[in-house]
Every structure is written in structure tokens, then in C-alpha cells.
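No lab work stands behind these numbers, since they all come straight from the coordinates. Quick caveat: nothing in here was measured; it's all calculated off a predicted structure. Methodologically, a virtual Cβ is constructed for each residue, glycine included, from the backbone with ideal geometry; neighbour enumeration extends over all protein chains shown.
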């Protein structure tokens, strides 16, 4: 059984998917994300998450079944209702994911959106959720996939 | 040939080879329309990610599998 204890969960927004859809090698990254989601020791098949509202915002960029293969699409939890804007909802949701193993989370977004998250009052003094974008996000996904490949090779 | 009834839905799922083998080994409600599909799954190397087409009814029937690779994902982005 290929099972990997990844250091962080992955939460993404629609901006990341739209950014990814414009990148060379996007199919490879999508494949990596699907492998990571399927092999997580702590959150099997739920390691990578996207809020349903965010997933619906990029329906025109990616086939829904492949989005579901790479990210678990989740309904907005009731505790997010009191937040009006999507930035707050996504940040608070990401912070809530760090209450369970592996207790850390990366929020994947676009380079343009990264600063908006970082300026939010909900992000003040937060250390368990890291906002990453662009090539840094790709490097993290590749490093997670390398961990998967290593575990798979050992199992063969 | 698969005939869809009102109680049945079709679903595409993505699982590692080991997971799907565990599923059908431990769950008698998972069946195969064609046993060649089962043989095909077992022939993949460990850690292969598979796209699985299922018919969700009673039982759950695994209809087909494909390896998830870049060729398969070339149609993912619009």
C-alpha cells in the first residue's frame, strides 16, 4: 500500500486552478495532485480540498470529474456562513483544516491573489496555514509527488 | 452491454490500484461486468492511479479502468 505522511494538507481556490490551466505541463501537475490525494496517510482521498463554490468558479477551465480526482470538493461548512467574502471563508476554512493531522496546510492560489489573502485580518499571526502561489506552489506539489514516488518504488 | 435503470447512476472515480483491490476483496457488493477488467487491474504495477468507471446500484459494478497518465488528462483542461 502506498501511503505517505505529507507535511501539509492542500487547499486551493479557483484562482489557482485558472492559473494552472494556463501553464505548460498542467496535466502533469494535475496527475501529481491526484496521486497525492489518493496516497495520503492522514487524510486519504481528502488530502486536497476545494470549497464547492470555488470549484464551480472554474468549471469553464477544467472538467468536473478531473477536478474531483485532484481535490475533494466540499460543501461550505456552517461555521463559514457568518463570513461575507470568499477570501475570509477560504482562510478560515484553511485554518480549520489545521486542527487535525498533519496540523499544517498550504493554501494554493494565484500570484495575483496571494497578497489579498496575506493582507486579510484573518491571516494575522497565523503560522499553521501558509499561502503559496505560482512556481513555489508547483515546487511543493512536485516535492510531495516525489515522496509518493519514493514510497511507491519501495513498495515494488 | 450495460443497461441503465432509474436506480443506477454512473460515476467516475480515481483510486490507486491497491485501494481498488482492497475494495473488491473486502466488499462482496462490488462486482465486475467483465472479469477481464479485474485481471487488467491486477496487472498494473503497484501504486498505479486508475480512473474507474462504476455503475452505482446494487451491486456496485466496475465497468472499466484506465491508467491516469498525461494522455488521459490531456482533455481535463478546457
Restricting to Cα pairs under 8 Å and 6 or more apart, the percent relative contact order of segment A:1-67 works out to 45 percent
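To two decimal places, what compactness ratio does chain A give when its Cα radius of gyration is scaled by 2.2 N^0.38 Å?
In units of the globular-protein estimate, chain A measures up at 0.99.
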For B:48, A:128, A:109, A:90, what ranking results if the residue with the fewest other Cβ atoms within 10 Å of its Cβ goes first? A:128, B:48, A:109, A:90
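Using Cα-Cα distances under 8 Å and only pairs 6 or more residues apart, what relative contact order does chain B have, in percent?
The value is 35 percent.
Nearest-5 percent of antiparallel DSSP beta bridges in the protein assembly as shown?
Roughly 45 percent of the DSSP beta bridges within the protein assembly as shown come out antiparallel.
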How large is the translational diffusion coefficient of chain B in µm² per second when you combine the Kirkwood radius over alpha carbon pairs with Stokes-Einstein at 37 °C and 0.692 mPa s? 249 µm²/s
Taking 0.36 nm per residue of separation and subtracting the Cα-Cα distance, what length does fully extending residue A:22 through residue A:119 add? 32.3 nm
If one compares the long axis through the Cα atoms of helix A:134-155 with the longest principal axis of the Cα atoms of chain A, the angle in degrees, nearest 10, works out at 30 degrees
Pairs of alpha-carbon atoms within less than 8 angstrom and 6+ residues apart define the contacts here; what relative contact order does chain A have, in percent? 33 percent
Just rank B:60, A:154, A:141, fewest to most, by other beta-carbon atoms within 10 angstrom. A:154, B:60, A:141
Cβ-Cβ FRET estimate between residue B:32 and residue B:72, R0 fixed at 25 Å, reported to 0.05: 0.75
Rounded to the nearest Å, the spacing of the alpha-carbon centers of segment B:1-73 and segment A:134-153 is 26 Å
If I model a spin label as a point 7 Å beyond the Cα along the Cα-Cβ vector, how far apart are those points for residue A:65 and residue B:56 in nm? 1.4 nm
Summing -39500 (n - 2.57) over the DSSP H runs of n ≥ 4 in the protein assembly as shown and dividing by its residue number, what mean residue ellipticity at 222 nm do you reach, to the nearest 500 deg cm²/dmol? -12500 deg cm²/dmol
